[in-house]
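The structure under discussion appears below in the form of structure tokens.
The values are calculated or read from the model by the stated rules, or taken from the named source; none is laboratory data. Note that this is a predicted model, so its numbers are computed, not measured. Because the Cβ atoms are built from the backbone with ideal geometry, glycine has one as well, and the counts that use them run over all protein chains shown. Accessible surface is based on the protein model in full, side chains and every heavy atom, while ligands, DNA and RNA are left aside. Shrake-Rupley method; radii C 1.70, N 1.55, O 1.52, S 1.80 Å.
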Amino acid sequence: MTGSGYAAGERFDAWLSDCTERPVFVGYSGGVDSHLVLHELCSRLPPGDVIALHINHGLSPQADDWQAHCAQYCAALGCGFEAHSVAVSAQGEGLEAAARQARYRIFLSRVPPGHSLWLGHHLDDQLETFMLRLLRGSGLTGLSAMSDQTSRQQRLMLRPLLTTSRVSIENRARQLGLHWITDDSNSDVRFDRNFLRQQVLPLIATRWPQYRQTLSRSLGHLDQAAREQQRQLDLELEHRLAHDGALKAVQLDDWSAEQVQALIHRWLYRQNVRSSSEAALQRIVREVVNARVDAQPEVALGDGSVRRFRTALYWVPNPVEPSDSPCAVSEDWQHWPGIGWLRVRRAADEPGRLRGEPAGWRWQLRQGGESLWPAGRSARRDLKRLLQEYRLPPWQRDRVPLLFSGDQLIAVANLAVDLAWQADSGEPGWVVDWQSSKPTGPSRHDNGDD
């Protein structure tokens, strides 16, 4: 596809036949590209099967007018419309990156797993991003192209216009009689992207009129090289990932700084962190990986931070203030906001079983002074020292769910059971499960029994 004409209709038809979950969602700014995507989808589906997601960044005096325009157009189409306001700060990686992160937070919160999100990125977006990253000295991963189909946290991200030029999109929109929003700030050449779009690329086109096709071929070559690099990094990560997702940052003396950054970038991507710029990666290597052994370094990144405990790196989401503990102990998973997901299930022969009945058991967080005689140990231990012995990262130690019977601590999450409450050999009992992320699979027993 050269981008010289509009031929995206076949993509909409083919991709919709593969996307069976309804509704489909559209990232809808009201600009010509997202406007065309929304129109194409509503012309192929019952409008009730399409939901437009409009993000109001509040960065323009016209932002509320744009939102009203989008709402009116969706009402005329009969499709769903949701407007979400976000606060955007220019701190860190800049205003454009902050706005993009804010958009995707909303998108991921509103699009259910298994559903699709359709976006209006086009060929000129692709080439402008490539040029900006090239001028900023990005590495292989940063220079490789956006994909027209990607999966993010089990949501399918689709970009049907990615091989279509902006001119072709505008011509198609005029043919259809569409009326779209024009952001006046797009002509402000103080912004790097606008400077490229308004002054640099038109000048390039006077000398190399086929530059879009040429750069697209180069992007294809870079994309192939990036995929091979990612394959190699994934093989390396298989040996370095701990059970909790931490990255073992050892035996890196023979690695260059660029190689370490590429490894961390790939690890963060697999942790669903997409905001790792080269500057951020350099800080992580310098301030976290290379920090002294007894330090507890931290670099803020997106909605969390990268930290190190002992020799491993951890992605730690910004903490949520813990709510009150669940009212009862249950065999079904219960969410304790700020703590994780909990259940106490029946078990016949697993280690660490509790005896008795959970009717009088309750959850509680650390308050200080707790102690436990761990099964298999020779003496009682205070909880502070016990959590250190279990090598629990410091930021988790005040958020460990404790199981009590009356005033007696009987279990520390899934880490330890008090000796007096340990079930005898052959005696059925109860096992505590604790996970930081939402569990998947059967709600009661892992073997599928109900």
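For the range 222-259: of the residues being open to solvent by 50 Å² or more (accessible area, probe 1.4 Å) and of a type in the set (Asp, Glu), which is nearest to Ser147 (Cα to Cα)?
Selected residue: Glu228.
Please give the number of the condition Ile284 fails out of (1) at pLDDT 90 or above; (2) assigned to a loop (DSSP other than H, G, I, E, B).
Result: Ile284 fails condition (2) only.
What pairs can you find where one residue is in the range 428-450 and open to solvent by 70 Å² or more (accessible area, probe 1.4 Å) and assigned to a loop (DSSP other than H, G, I, E, B), the other is of a type in the set (A, V, I, L, M) and at pLDDT 50 or above, and their Cβ atoms are less than 6 Å apart, with a gap of 6+ or different chains?
Pairs found: Pro428/Ala348.
If you scan the range 245-263, which residues turn out to be of a type in the set (D, E, K, R) and touching a residue at least 12 places away in the same chain (Cβ under 8 Å)? Break it down stepwise before answering.
Taking the range 245-263 as the starting set, the residues that turn out to be of a type in the set (D, E, K, R) are 248, 253-254, 258.
Hits for the range 245-263 are Lys248, Glu258.
Name the one entry in Leu108, Leu127 that is part of a helix (DSSP H, G or I) and farther than 18 Å from Arg274 by Cα.
Numbers: Leu108 fails: farther than 18 Å from Arg274 by Cα.
Of Leu108, Leu127, the one residue that is part of a helix (DSSP H, G or I) and farther than 18 Å from Arg274 by Cα is Leu127.
Hey, any hits in the range 162-175 for a residue that's in a loop (DSSP other than H, G, I, E, B), on the phi > 0 side of the Ramachandran plot and free of Cβ contacts under 8 Å to residues at least 60 places away in the same chain?
Applying the first criterion (in a loop (DSSP other than H, G, I, E, B)) to the range 162-175 yields 162-165.
Those left that are additionally on the phi > 0 side of the Ramachandran plot: none.
Within the range 162-175, not a single residue is in a loop (DSSP other than H, G, I, E, B), on the phi > 0 side of the Ramachandran plot and free of Cβ contacts under 8 Å to residues at least 60 places away in the same chain.
If Leu119 meets every condition in (1) modelled with pLDDT under 95; (2) of a type outside the set (Asp, Glu); (3) open to solvent by less than 50 Å² (accessible area, probe 1.4 Å) apart from one, which number is that one?
(1)
Within the range 177-195, does at least one residue satisfy the condition of being aliphatic (A, V, I, L, M), in contact with a strand residue (DSSP E or B) (Cβ under 9 Å, 6 or more places away or on another chain), at pLDDT 90 or above and open to solvent by less than 40 Å² (accessible area, probe 1.4 Å)?
So the first thing to find is which residues in the range 177-195 are aliphatic (A, V, I, L, M), and the list is 178, 181, 189.
Now restrict to residues that are in contact with a strand residue (DSSP E or B) (Cβ under 9 Å, 6 or more places away or on another chain): none.
No, the range 177-195 contains no residue that is aliphatic (A, V, I, L, M), in contact with a strand residue (DSSP E or B) (Cβ under 9 Å, 6 or more places away or on another chain), at pLDDT 90 or above and open to solvent by less than 40 Å² (accessible area, probe 1.4 Å).
Conditions: (1) open to solvent by 40 Å² or more (accessible area, probe 1.4 Å); (2) within 29 Å of Glu96 (Cα to Cα); (3) not aromatic (Phe, Trp, Tyr). Ser305 meets all but one. Number of the miss?
Of the numbered conditions (1) open to solvent by 40 Å² or more (accessible area, probe 1.4 Å); (2) within 29 Å of Glu96 (Cα to Cα); (3) not aromatic (Phe, Trp, Tyr), the odd one out for Ser305 is (1).
Could you look through the range 402-427, keep only residues that are of a type outside the set (A, V, I, L, M) and not in a loop (DSSP other than H, G, I, E, B), and pick out the one that is farthest from Leu386 (Cα to Cα)?
Our first condition is that a residue be of a type outside the set (A, V, I, L, M); within the range 402-427, this holds for 404-408, 414, 418, 421-422, 424-427.
Remaining after also requiring not in a loop (DSSP other than H, G, I, E, B): 404-405, 408, 418, 421-422.
Values: Phe404: 17, Ser405: 20, Gln408: 16, Asp418: 12, Trp421: 17, Gln422: 17 Å.
Among those residues, the one meeting the criterion is Ser405.
Does Val293 count as touching a residue at least 12 places away in the same chain (Cβ under 8 Å), among the β-branched types (Val, Ile, Thr) and either loosely packed, with under 15 Cβ neighbours inside 10 Å or more than 29 Å from Leu134 (Cα to Cα) (or both)?
Working: touching a residue at least 12 places away in the same chain (Cβ under 8 Å): no; among the β-branched types (Val, Ile, Thr): yes; either loosely packed, with under 15 Cβ neighbours inside 10 Å or more than 29 Å from Leu134 (Cα to Cα) (or both): yes.
In short, no.
Can we say Trp421 is surrounded by 12 or more Cβ atoms within 10 Å (Cβ to Cβ) and either without any contact (Cβ under 8 Å) to a residue 60 or more places away in the chain or within 29 Å of the chain's Cα centre (by Cα) (or both)?
Details: surrounded by 12 or more Cβ atoms within 10 Å (Cβ to Cβ): yes; either without any contact (Cβ under 8 Å) to a residue 60 or more places away in the chain or within 29 Å of the chain's Cα centre (by Cα) (or both): no.
When the stated conditions are applied, Trp421 does not pass them.
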